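What follows is a set of notes on a single structure, which appears directly below.
Just so it is clear, none of the values below were taken in a lab; they were calculated from the coordinates. Treat the numbers as computed from the prediction; the structure is a model and nothing was measured. Neighbour counts run over all protein chains shown; Cβ positions are idealised from the backbone, glycine included.
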Amino acid sequence: MTSPRTIEILPDIPALVNHAVSLMVARICAAIARKGHCTIALSGGSTPKQLYAALSSQNLPWQQLQVFWGDERYVPPDHVDSNQRMTRLAWLDHVNIPEDCIHPMPTKDADPHQAAAAYETEIRQVFQVPAPHIPQFDIILLGMGDDGHTASLFPFTDALEVQDRIVTVGNRDGQARLTLTLPVINQAATILFIVTGSSKQYALGHVFAEEGDDRRYPARLVRPQGECIWLLDQSLGKGLA
Ligand code: 6PG
């Protein structure tokens, strides 16, 4: 049984970022109060950069946060396209978070499939959840591309079909990516989508439609049992009215 999605439309990006910060801080603090730590998987791309910068000014018990990524471009960690690099520059380098709380997706192995398996092992070790059980992240932050992809689950790719692993290799126009798979994404306690830009309106209409092509618009496949919150800016909200 999946939960109904919550859609919140914010007047502009600063308002969306502020609201996302308050939603995340509340859930991070609740998880820490409940079980002593919070596990979060982060999105890449350009939209979350402002959110990460805003999080860097929060005063949280960072040592009780376990930070993972939901996907990563298969490039070195110092590459301009690296999600890890973007996140560290915008946020993690500015807060007192121990390095062993930061779990970047490995991208140095010549074989991305080996890297995906290694990351799955790391997640399972931190969560203490052996296969075939699915670990539950407290928060998974997701974006959506103009084509309706999310994380690195791109339209009509094999990664959409993976059910027996929690990390796999994605493919964007031939460029390898690492990505969490749908089983672990849909296991999350909270999914928080942050989506901005009118260029995504067409895809978003297909993602929210009752009927549609899940393989063409992969964000349709994110149907968690936990809460699923979509934060949209006004440019997207118009199309939904
Ligand atoms: C990535 C992201 C990707 C992103 C969307 C939206 O590595 O690029 O994880 O899934 O969320 O492409 O990106 P923007 O927020 O930059 O539009």
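Assorted remarks:
- Calculated FRET efficiency for the pair Gln225/Ala15, C-beta based, R₀ 41 Å, to 0.05: 0.90
- FRET efficiency, 1/(1 + (r/R0)^6) with R0 45 Å, evaluated for Asp111 and Ala30 via beta carbons: 0.70
- Secondary structure note: in the chain, about 30% of the DSSP beta bridges are antiparallel.
- Under the convention that each Lys and Arg Cβ holds +1 and each Asp and Glu Cβ holds -1, the size of the dipole of the stretch 19-106 around its Cα centre is about 340 debye.
- Computed over the Cα atoms of the chain, pair by distinct pair, the Kirkwood hydrodynamic radius stands at 17.9 angstrom.
- Equivalent-ellipsoid semi-axes for the stretch 1-98 (Cα gyration tensor, √(5λ), whole Å, largest first): 21, 18, 15.
- Under a model in which nothing but the beta-carbon of Lys, Arg (+1) and Asp, Glu (-1) is charged, the chain shows a dipole of about 420 debye around its Cα centre.
- C-alpha center-to-center spacing [the stretch 70-93, the stretch 215-241] in angstrom: 25
- Likely footprinting exposure, Arg215, Arg220, fewest C-beta neighbours within 10 Å first: Arg215, Arg220
- The helix-only estimate of mean residue ellipticity at 222 nm for the chain, built from DSSP H runs of length n ≥ 4 each weighted as -39500 (n - 2.57), is -9000 deg cm²/dmol after division by the residue total.
- Long-range amide H partners of Gly170 with built H, under 5 Å: Arg177, Leu178, Thr179
- Leading residue at positive end of dipole, the chain (Cβ point charges), from Pro183, Thr6, Gly143: Thr6
- Listing Val67, Val25, Val195 from fewest to most neighbouring C-beta atoms within 10 Å gives Val25, Val67, Val195.
- Net charge of neighbours whose Cβ lies under 9 Å from the Cβ of Thr190, counting Lys and Arg as +1 and Asp and Glu as -1: -1
- Debye log10 I(q)/I(0) for the stretch 102-188, one point scatterer per Cα, at q = 0.11, 0.12, 0.19, 0.21 Å⁻¹: -0.28, -0.34, -0.87, -1.06
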